[in-house]
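Please read the structure below before turning to the comments.
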Amino acid sequence: MKKQKMFFRMITASLIRRHSRMLVALLAIAVGATILSGLVTIYYDVPRQMGAQFRNYGANMLLLPDGEEKLSEESAERAIKAIDKEKLVGAAPYRYESVTINTMPVIAAAADMDGARAASPYWLINGDWPSADKEVLVGKTLAATLGIKQGSTVNVVYENETAKEQADKSDESKAKEKDGGKAFVASGILETGGTEEDYIFISLSDMAELTGVKGKLDAVELSVSASQDELKAYADKISGLDIDVSPRLVKRVTQSETTVLTKLQALVFLVTAVVLLLTMICVATTMMAVVAERRKEIGLRKALGASNGSIITEFMGEGLLLGGIGGLLGVVFGYAFAQAVSMNVFNSSISFRPLILPVTVVISVLVTGLACLLPVRNATDVDPAVVLKGE
Amino acid sequence: MFFRMIIRALFRQKTKMLMIAFTIALGASLATAMLNVMMDVGDKVNQELKAYGANITVVPKQASVLNEIYGLDKSDESGAYLREDELGKIKTIFWAFNIVDFAPFIDTRAKLGGSEVSVVGSWFDHHLELPTGETLNTGMINLRSWWEIKDGCWLDEQAGDKNAVMVGCVLAEKEKIKANDRIKLTTKHGSEELVVAGIFDAGGDEDERIYAPLEVVQRLADAKGMLTSIEVSALTTPDNDLARKAAQNGPKSLGAADYETWYCTAYVSSICYQIQEVITNSVAAPVRQVAESEGAILEKTKLLMLLITFLSLLGSALGISNLVTASVMERSSEIGLIKAVGARDGAITMLVLTEIIITAVAGGLVGYFAGFGFAQIIGHTVFGSAVEMKPIVIPIVAVLVVFVTLAGSIPAIRMLLRLRPAEVLHGR
């Protein structure tokens with residue numbers, strides 16, 4: 001009991017008395033632990049954060065009708081529900097119909113505008129996204145051909161098969177049908193560099209009103225924040241739902257994402273490994289320098305009759321205490337650093353991983369302990385008389 | 001005398017000085033490795049992002065209008081074409097070095113048995129001799145890296161597979177085509193007997209098409225030397241305000257100085273503009289899906305690496321200055337002795353500083369090369385290519401090492417100078 005008390009007094013006294021040097025050692029350990037916990041947190045968070053960036057490439061999964069029939073809205077909804085909510089970045093149902101504008105045949109894509117915006121973040125709109133009824137987006141090439149500008153009124157005519165037949169019968173009713181088109185306002189011109197530039201985008205409800213048919217879809221574009229394997233699992237799950245939906249992966253996006261993301265992760269991993277290795281050695285040398293300069297003290301204690309074992313235990317105790325405190329400080333600063341990085345780079349916060357705490361403390365204690373052990377053992381091996389004499 | 005003292009000091013305390021040099025070398029190598037990787041990561045990731053395929057498409061000027069007028073059927077054979085003989089010129093533009101891959105396309109419709117299919121002609125792995133005397137291998141093998149070959153293999157254009165095709169998996173299933181089957185494609189201009197080299201799964205519309213060498217489809221469409229589009233994959237700089245301004249109002253709207261900057265920066269819009277200059281009657285447009293996302297990912301990666309580099313620089317700086325402080329402070333008795341024999345403060349400071357700086361320079365040199373080695377390890381393992389040596393890293397690391405060593409030793413020396421020699425020597 002008494003011995004233990006003395007042990008603690010010796011450790012704390014030495015830490016407090018020699019505050020400047022201990023501060024140096026503590027700082028070294030804390031810096032090392034900060035780098036350790038900060039980088040490991042970032043390493044684990046990079047795939048999630050970077051994965052979200054890759055959603056800029058747009059949809060990575062398509063839901064298509066299984067067979068010739070169109071997709072019903074209910075089965076599309078059921079299929080979307082099969083995907084975990086937090087993984088789903090955007091879901092955009094599409095329905096394509098041929099319409100005519102100024103007697104020119106055009107493909108009209110009916111879409112859920114909010115869904116399209118989330119699923120295709122790369123769309124560039126000159127103007128505004130449609131927000132009210134009767135507002136449409138017009139593809140750039142189409143707009144150039146038809147001379148449509150932002151704010152222009154577009155008259156869209158839909159002729160279904162029966163109307164066409166009737167129209168053929170009499171010119172009069174044909175003319176009437178032409179007048180029956182609906183007027184829309186082009187709220188923006190869409191630029192993508194792809195085929196979308198040839199289409200006109202209408203909201204689903206406007207399309208239902210225009211055609212008189214509701215709840216039928218041609219495709220649903222899904223942007224899911226998941227790896228290729230996870231996507232395949234989702235696709236299997238949807239196929240097993242017993243609805244007439246056939247899920248397909250957009251290979252171009254999924255395959256390339258896997259390639260690039262694996263590389264990025266490997267990069268951060270290697271960088272983390274190199275930085276950690278060098279930092280740990282750095283911490284160890286600093287600790288060794290701090291302990292080595294206390295050879296005299298060791299010699300004195302030995303001369304007073306302390307056994308090698310008790311000296312090593314005491315020094316180790318001191319080192320472990322420093323390692324523990326430094327590790328704890330490092331966890332706090334490391335988390336702060338990781339948070340700062342995440343906010344700056346990805347504009348999103350990082351979650352604290354409880355596992356980091358014990359790992360960081362254990363590693364810093366280990367490194368400090370090892371770094372103390374070497375010089376202390378060297379010192380205890382020496383004859384106290386030689387050490388005290390200052391050789 | 002001064003030199004003798006320094007040399008003696010360095011040699012007498014060999015182990016300790018070695019340890020300091022070792023720590024400085026570690027810190028310097030960390031800084032070198034991270035700076036080198038950080039400065040090169042943009043180029044490397046940009047190269048990786050080429051997996052997404054072309055970021056620029058070039059189409060004939062009239063086609064964009066004609067296709068609309070003639071309806072939605074893009075396969076209509078009327079309309080303007082691009083010229084095949086101008087393809088090499090793409091590699092002669094100002095940013096030619098940034099053009100990684102490109103491939104021409106020509107599409108037509110042909111009869112396969114009873115049904116009509118879409119046939120696309122292109123380069124698979126084309127060997128191209130440029131007007132500049134360079135040679136280049138380019139084609140779909142690079143631009144369609146996500147294609148999965150289900151049966152057979154890629155069409156080997158250079159091995160002389162002139163009469164081979166690749167068939168999309170959806171079409172192959174419908175028509176029951178396997179690799180090495182013979183198929184016959186007929187158009188009103190003639191017919192071709194072709195061997196199926198492979199079946200691919202592209203996960204898109206392409207699965208319903210047939211891909212054949214360029215000449216085969218040109219013969220089928222009776223369009224010798226003509227193309228319907230070109231896909232170009234180029235390394236680009238992420239857009240900034242200037243690039244956006246140029247894209248929105250056209251390059252002509254920029255002032256002379258801005259125009260120069262814009263033209264001489266590898267923005268996707270300026271590369272498009274330069275391609276239009278060399279290919280007659282063409283419109284080159286960025287594929288926003290690829291171009292936009294590339295920019296975002298590049299910026300994020302660069303920023304991430306910058307912050308990690310910052311942390312490791314800070315870490316190595318603190319590590320070095322820490323050790324230097326510790327090692328200077330432990331020499332209190334020595335400094336006390338020198339003071340007792342009558343040395344002035346200035347002389348002592350000079351002595352200690354020179355010692356430390358010599359150690360630091362030696363450590364820093366070793367560290368620079370070790371760090372460069374680490375950077376190469378990272379480059380080769382992750383990207384399979386060497387990390388470029390950036391000369392700017394050398395002064396940065398040098399300044400860092402010297403500054404940090406000074407910052408670590410000066411406060412310690414000043415503290416020691418305040419001590420009274422008698423006390424220090426007495427062992428307090």
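Rule-based calculations on the coordinates, nothing more; no lab input. Keep in mind that what you see is a predicted model, and the values were worked out from it rather than measured. A quick note on method: Cβ atoms are made from the backbone with ideal geometry, for glycine too, and the neighbour counts reach across all protein chains shown.
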- Item | Cross-link pairs B:LYS91/B:LYS176; B:LYS50/B:LYS89; A:LYS251/B:LYS302; A:LYS140/B:LYS184 - those with Cα-Cα distance over 29 Å | B:LYS91/B:LYS176; A:LYS140/B:LYS184
- Query: On a 0 to 90 degree scale, rounded to 10, what angle separates helix A:251-292 from the longest Cα axis of chain A?
  - Reply: 10 degrees
- Task: With no solvent and one equal point scatterer placed on each C-alpha of chain A, evaluate the Debye formula and give log10 I(q)/I(0) for q = 0.14 Å⁻¹, two decimals.
- Result: -1.14
- Could you line up B:ILE357, B:ILE90 from fewest to most neighbouring Cβ atoms inside 10 Å? B:ILE357, B:ILE90
- Task: Pop the C-beta distance of A:THR103 and B:LYS150 into the FRET formula with R0 = 30 Å and round what comes out to the nearest 0.05.
- Result: 0.10
- Task: Distance check, please: which entries in A:LYS85/A:LYS134; B:LYS44/B:LYS150; A:LYS81/A:LYS182; B:LYS150/B:LYS174 exceed 23 angstrom between their Cα atoms?
- Result: A:LYS85/A:LYS134; B:LYS44/B:LYS150; A:LYS81/A:LYS182
- Message: With only alpha-carbon pairs counted, each pair once and no self-pairs, how large is the Kirkwood hydrodynamic radius of region B:55-286 in angstroms?
- Response: 18.8 Å
- Note on the structure: For region B:407-420, Karplus-derived ³J(HN,Hα) couplings (6.51, -1.76, 1.60; θ = phi - 60°; whole Hz; x for glycine and proline) come out as 4, x, 8, 4, x, 5, 5, 4, 5, 5, 5, 6, 5, 8
- Compute the long axis of helix B:2-12 from its Cα atoms, compare it with the longest principal axis of the Cα atoms of chain B, and write down the angle in degrees, 0 to 90, nearest 10. 70 degrees
- Message: For region B:135-175 and region A:195-264, what is the centre-to-centre distance using only Cα atoms, to the nearest Å?
- Response: 26 Å
- Note on the structure: On the formula 1/(1 + (r/R0)^6), with r taken between the Cβ atoms of A:SER246 and A:ARG48 and R0 of 35 Å, the FRET efficiency rounded to 0.05 is 0.75
- Task: Using only alpha carbon pairs under 8 Å that are at least six residues apart, calculate the relative contact order of region A:60-249 and give it in whole percent.
- Result: 40 percent
- Query: Once the Cα atoms of the protein assembly as shown are picked out, what are the Rg and Dmax in Å?
  - Reply: 35.4, 123
- Note on the structure: Rounded to the nearest 500, the 222 nm mean residue ellipticity computed for chain A from DSSP H runs (n ≥ 4, each -39500 (n - 2.57)) alone is -20000 deg cm²/dmol
- Which length gain, in nm to one decimal place, applies between B:GLU260 and B:ILE394 when the Cα-Cα distance is subtracted from 0.36 nm times their residue separation? 45.1 nm
- Item | Mean residue ellipticity (222 nm) of chain B, computed from DSSP H runs ≥ 4 via -39,500 (n - 2.57), nearest 500 | -17000 deg cm²/dmol
- Spatial extent of region A:56-110: Rg and Dmax, with the Cα atoms as the point set, Å: 14.5, 45
- For A:SER72 and A:SER239, what does the FRET efficiency come to when R0 = 25 Å and r is the distance between their Cβ atoms, rounded to the nearest 0.05? 0.90
- Message: Taking the beta-carbon count within 10 Å as an exposure proxy, list B:CYS169, A:CYS282 from fewest neighbours to most.
- Response: B:CYS169, A:CYS282
- Query: Put a dot 7 Å past each Cα toward the Cβ at A:ILE125 and B:SER115; how far apart are the dots in nm?
  - Reply: 3.8 nm
- Report the semi-axes of the equivalent ellipsoid for chain B in whole Å, largest first, where each axis is √(5λ) for an eigenvalue λ of the Cα gyration tensor. 68, 23, 16
- Under 18 Å by backbone N from the virtual spin label 7 Å along Cα-to-Cβ at B:PHE310, the residues of region A:308-350 are A:333-350
- Message: As a footprinting exposure proxy, order B:ASP43, A:ASP229 by other Cβ within 10 Å, with the fewest listed first.
- Response: A:ASP229, B:ASP43
- Message: Along the Cα→Cβ direction, 7 angstrom out, place labels at B:PHE94 and B:ASP345. What is the inter-label distance in nm?
- Response: 6.0 nm
- Using the Kirkwood radius built from alpha carbon pairs, what does the Stokes-Einstein equation give as D for region B:170-274 at 20 °C and 1.002 mPa s, in µm² per second? 121 µm²/s
- Message: How far apart, in nanometres, would the label points at B:LEU128 and B:LYS188 be if each is projected 7 angstrom from Cα along the Cα-to-Cβ direction?
- Response: 3.2 nm
- Query: What list of ³J(HN,Hα) couplings, whole Hz, do you get for region A:235-242 from phi and the Karplus terms 6.51, -1.76, 1.60, once you set θ to phi - 60° and write x for glycine and proline?
  - Reply: 4, 4, 4, 5, 4, x, 7, 6
- For region B:280-297, Karplus-derived ³J(HN,Hα) couplings (6.51, -1.76, 1.60; θ = phi - 60°; whole Hz; x for glycine and proline) come out as 5, 6, 10, 10, 9, 10, x, 7, 4, 3, 8, 4, 5, 5, 3, x, 4, 5
- Query: Can you give me the relative contact order of chain A as a percent, contacts being Cα pairs under 8 Å and 6 or more apart?
  - Reply: 29 percent
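What do you get for Rg/Rh of region A:60-249 when both radii come from the Cα atoms and Rh is the Kirkwood radius?
1.01
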- So which lysines can B:LYS14 reach, going by Cα to Cα under 17 Å and dropping same-chain residues fewer than 8 places off? none
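In the calculated pair distance distribution of region B:329-428, what percentage of Cα-Cα distances lie above 23 Å?
Beyond 23 Å sits 46 percent of the P(r) for region B:329-428.
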- Item | Centroid-to-centroid separation of region B:78-117 and region B:322-401 [C-alpha atoms, Å] | 57 Å
- Name the most mobile residue of B:PRO411, B:PRO213, B:PRO238, meaning the one with the largest mean-square fluctuation, in a Gaussian network model of chain B with Cα contacts below 10 Å. B:PRO411
- Amide hydrogen neighbours beyond the local backbone of B:ALA234, cut-off 5 Å, H modeled: B:ASN55, B:ILE56, B:VAL100
- Item | Cα centroid separation - region A:318-391 against region B:1-59, whole Å | 24 Å
